[in-house]
Amino acid sequence: MSLSGINFSGIGSGIDTDSIVKQLVALQQRPITKIQQQQQKLQQQQTALTQVSALVAGFQAASANLDSTFGFTAVTASSADETIAKVSAATGAQAGTHSLEVDQLAQAQKLGSATLTSQTDALGVAGQIVINGKTIKIAATDSLQNISANINNAQTGVNASILSPTVGSFRLLLSSATSGVAGGISLSDVAGGTILSSTLGLIGGAEAVRSPITNGAASSLFADSATSIGTLLGLATPPAGSIQINGFAVTQPIDLSTDSLAAIAAKINGSAIAGVTASVVTTKDPVSGVNRQQLQIVGASTPTFTDSNNVLANLGVLQQAPVSELAIAKDARFKLDGIDITRNSNTVTDVLSGVTIQLIKDTLTPTTQFTVATDVNSIKANIGGFVSAYNQLAATVSKLSAFDPTTLTGGPLFGDVTVQEVINQITDVVSGQIPGLSGPKSLLSQIGITLDKTGALNVSDADLTSALQSNLSDVSRIFKAAGVATDSAVSFIGATDKTKASSTSGYAINLSQIATQATLTAGTSHTLDNNPDSEVLTFSGAPFGTATRTLVLSSNITLDGIVSQINADTTLSGLLTATKVSGKLALTANQYGAAYNFTISSSQSAAANNSGIGTLAVSATGNDIAGTINGESAAGKGQILTGAKGNATTEGLSLRINSQVSGDHGTLIFTQGLAAQIKYLGKNFTDSIDGSLTKYATSLGDQVTDLSQTIKDIQDRITSYETDLRRQFAAMDSAVAALKSSQNSLNALTATTTTR
């Protein structure tokens with residue numbers, strides 16, 4: 001019986017029913033213990049499987065390092081004399097030895113002002129000055145410190161500072177932020193102002209061409225060729241004036257409040273000065289690296305100029321000479337393998353692809369050599385990572401699958417067919433012949449990597465080093481997916497796990513259609529620069545998506561100006577290139593294929609003084625490449641030809657074919673290196689959805705879950721069973737107690753009768 005949750009077992013019967021119930025319940029719980037043991041074993045298998053999956057993924061990652069584009073292109077660079085030049089090389093740079101002779105180091109221009117007696121007193125002059133194409137406002141209350149700060153805040157590519165050579169004397173120093181002649185500082189007063197010349201004493205004397213070019217002069221760099229110069233410079237009162245070239249006047253005054261670069265070029269060309277031509281060209285800004293617009297004026301020889309009201313000075317064509325030039329702007333001059341080269345910086349990155357040269361010294365016959373060589377140690381380290389990842393995987397699987405004859409127990413994966421099949425497939429790839437390869441470089445063992453009796457890979461450093469140094473290309477093909485074409489116009493891009501290795505005769509390549517760029521030429525030649533209105537060009541098509549791009553051409557624009565303005569547009573220049581062909585505007589997509597087809601229309605009917613495009617939309621179309629690989633169909637996109645899905649041998653094989661000739665293009669031998677095979681094989685095992693190990697682990701997890709539910713069901717039944725037992729024993733105890741009570745009553749009655 002129970003009172004307030006306290007059990008009193010067998011009070012009526014004197015039998016320990018609680019003990020009996022517990023023993024009966026314990027008998028019912030024995031199956032749970034066996035199921036829990038089974039569940040624990042499954043969980044151990046699951047943990048071991050997770051460990052194996054992680055190691056397979058690690059081996060897959062190590063393999064991917066060797067199958068990458070740069071897996072075997074690591075290089076190192078060294079200079080014979082680092083006091084003259086230092087070198088570094090990026091992955092993919094071509095190996096070789098080069099001679100270097102440094103004739104002159106690049107240097108930034110530095111100018112000094114006249115000496116002033118205070119850096120904090122107001123200078124008492126007001127106006128505007130132009131530095132490198134940017135206007136800086138000077139107030140009458142500004143001191144030398146204020147002017148220095150204003151120059152720095154304007155971010156003109158010039159750094160301003162104040163030097164005190166002696167106590168009570170101060171000079172403003174201007175230093176170009178960019179070395180080289182192109183980084184020279186452009187200075188001009190605005191209109192009739194004299195702040196730079198008289199107040200600061202930075203410039204003085206006769207004007208001269210600031211930036212000479214071949215037989216001509218160039219202006220400063222501007223954001224576009226259609227906006228007025230006054231607006232671009234931010235001039236409060238843009239000057240206007242007449243100019244002369246070679247002693248002949250430009251017939252129309254130059255007004256910077258309204259004239260753009262294109263308009264100024266048109267005025268110069270319209271003056272028909274013998275031998276003189278003005279054009280607007282796109283030039284890269286040496287400071288920002290972005291495309292800018294520049295006015296260039298050329299003649300049979302460098303023209304002479306007469307300025308009026310600082311018009312040409314504000315354009316940056318002319319400049320008064322600096323009064324105190326503390327450092328001259330110089331380009332770096334050097335010889336590489338005997339070839340003369342100039343650059344505006346001492347850090348040179350664009351002479352040899354992937355190689356950076358840091359010029360350091362240009363005195364005392366600065367000649368040295370530098371070498372770019374294959375970085376064998378880096379490649380060996382990647383191969384070492386591949387070997388280590390395999391050995392760790394193989395050793396772990398061996399340990400988890402082992403059987404101990406002493407304890408007669410096996411590891412959690414002992415006898416596991418799925419895991420054993422995984423390691424067998426991987427080992428077969430690692431130790432086997434590379435499909436499509438033959439000869440002395442077609443097995444790991446031929447480059448010093450062998451499989452020992454314990455199932456581990458061992459590396460002979462000497463043999464591997466020798467193989468890498470003597471024939472890097474053949475070693476790389478052991479590891480990575482590679483394609484070797486007989487036609488230099490064909491380049492291997494990539495493949496998939498569906499691509500089959502070719503035979504030694506290779507896959508035949510045939511083009512039925514070559515790739516072309518979308519191109520169009522205006523129907524009307526541009527012969528006049530007198531268009532009084534702005535013309536609007538509208539571009540649309542696949543490269544622009546659902547949007548359109550409009551470009552407003554300035555009035556009186558030249559054909560050079562139209563070309564320059566299109567090529568300077570941040571959106572258009574990334575998609576197409578403008579040129580002039582036989583006096584007509586021509587446009588060509590930057591990439592091949594239909595994905596770069598475009599359409600253009602104009603707001604004006606085609607005429608000799610505008611773009612010549614016309615109001616009816618004109619389309620430029622390009623073709624995607626088309627053809628077959630190994631006689632199987634291939635899909636084309638631009639210059640890329642890819643084996644179609646479902647092909648028996650070439651599915652996923654991608655080639656770039658840079659040729660303007662259709663028909664036969666030789667053959668390509670394709671090999672699937674072991675690192676590439678492991679990369680794909682690993683995906684088959686560890687893919688988050690379809691991987692065999694992933695599915696196996698999921699199955700084990702499901703079994704553990706099912707067993708947990710089985711345990712719960714058994715526990716529920718035991719609870720019900722225990723409740724029934726206790727109820728039955730309680731009823732029995734009550735019945736026994738009642739019988740005993742009746743017996744006691746009878747005994748008492750009998751005893752009374754006997755006494756009488």
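The values are calculated or read from the model by the stated rules, or taken from the named source; none is laboratory data. Keep in mind the model is a prediction, meaning the values are calculated, not measured. Here the Cβ is made from the backbone with ideal geometry for all residues, glycine too, and neighbour counts use every protein chain on show. Side chains are part of the model used for accessible areas, which takes the heavy atoms of the whole protein and leaves out ligands, DNA and RNA. Shrake-Rupley method; radii C 1.70, N 1.55, O 1.52, S 1.80 Å.
Brief remarks follow.
- Some residue of the stretch 214-233 being modelled with pLDDT of 90 or more, of a type outside the set (A, V, I, L, M, F, W, C), surrounded by 15 or more Cβ atoms within 10 Å (Cβ to Cβ) and in contact with an Asp or Glu (Cβ under 8 Å, 6 or more places away or on another chain): yes
- Test: residue in the stretch 315-322 that is in contact with a Ser or Thr (Cβ under 8 Å, 6 or more places away or on another chain), farther than 21 Å from LEU233 by Cβ and in a loop (DSSP other than H, G, I, E, B): no
- Qualifying residue in the stretch 468-483 (condition: within 30 Å of ASP560 (Cα to Cα), of a type outside the set (S, T, N, Q) and not in a loop (DSSP other than H, G, I, E, B)): no
- Sole residue being buried (at least 19 other Cβ atoms within 10 Å of the Cβ), at pLDDT 90 or above and in contact with a helix residue (DSSP H, G or I) (Cβ under 9 Å, 6 or more places away or on another chain), chosen from ALA89, ALA62: ALA62
- Boolean, GLY673 is in contact with a strand residue (DSSP E or B) (Cβ under 7 Å, 6 or more places away or on another chain) and touching a residue at least 60 places away in the same chain (Cβ under 8 Å): yes
- Criterion (touching a His at 6+ places or on another chain (Cβ under 6 Å), crowded, with 17+ Cβ neighbours inside 10 Å and at pLDDT below 95) met by exactly one of LEU553, LEU559, LEU572: LEU559
- Residues considered: VAL311, VAL317, VAL323. Of these, the only one that is open to solvent by 50 Å² or more (accessible area, probe 1.4 Å), touching a residue at least 60 places away in the same chain (Cβ under 8 Å) and among the hydrophobic types (A, V, I, L, M, F, W, C) is VAL323.
- Figure legend. Inter-residue proximity from the stretch 159-174: first residues of a type in the set (D, E, K, R), second residues in a strand (DSSP E or B), beta-carbon distance below 9 Å, spacing 6+ or different chains. Indicated pairs: ARG171/GLY112; ARG171/LEU116; ARG171/ILE162; ARG171/LEU163.
- When LEU437 is tested against (1) in a loop (DSSP other than H, G, I, E, B); (2) touching a residue at least 60 places away in the same chain (Cβ under 8 Å); (3) surrounded by fewer than 19 Cβ atoms within 10 Å (Cβ to Cβ); (4) under 35 Å from the mean Cα position of the chain (by Cα), only condition (3) is not met.
- Residues of the stretch 407-423 satisfying the condition of being surrounded by 11 or more Cβ atoms within 10 Å (Cβ to Cβ) and either out of contact with any Asp or Glu (no Cβ under 9 Å at 6 or more places or on another chain) or without any contact (Cβ under 8 Å) to a residue 24 or more places away in the chain (or both): GLY410, PRO412, LEU413, PHE414, ASP416, THR418, VAL419, GLN420, GLU421, VAL422, ILE423
- Members of the stretch 598-614 found to be polar (S, T, N, Q) and either surrounded by fewer than 18 Cβ atoms within 10 Å (Cβ to Cβ) or under 23 Å from PRO532 (Cβ atoms) (or both), listed by number: SER601, SER602, SER603, GLN604, SER605, ASN609, ASN610, SER611
- Any chance GLY593 is under 36 Å from the mean Cα position of the chain (by Cα) and either at positive phi or at pLDDT below 95 (or both): yes
- Lone unmet requirement of (1) out of contact with any Ser or Thr (no Cβ under 8 Å at 6 or more places or on another chain); (2) at pLDDT below 90; (3) open to solvent by 40 Å² or more (accessible area, probe 1.4 Å) for GLY523: (2)
- Of all residues in the stretch 368-389, none satisfies being out of contact with any Cys (no Cβ under 7 Å at 6 or more places or on another chain), part of a loop (DSSP other than H, G, I, E, B) and among the β-branched types (Val, Ile, Thr).
- Selection count where residues are of a type in the set (A, V, I, L, M, F, W, C), within 25 Å of the chain's Cα centre (by Cα) and either within 17 Å of VAL181 (Cα to Cα) or surrounded by 17 or more Cβ atoms within 10 Å (Cβ to Cβ) (or both), scope the stretch 267-298: 1
- Scanning the stretch 54-78 for residues that are under 25 Å from SER353 (Cα atoms) and in contact with a Phe, Trp or Tyr (Cβ under 9 Å, 6 or more places away or on another chain) returns ASN65, LEU66, ASP67, GLY71, PHE72, ALA77, SER78.
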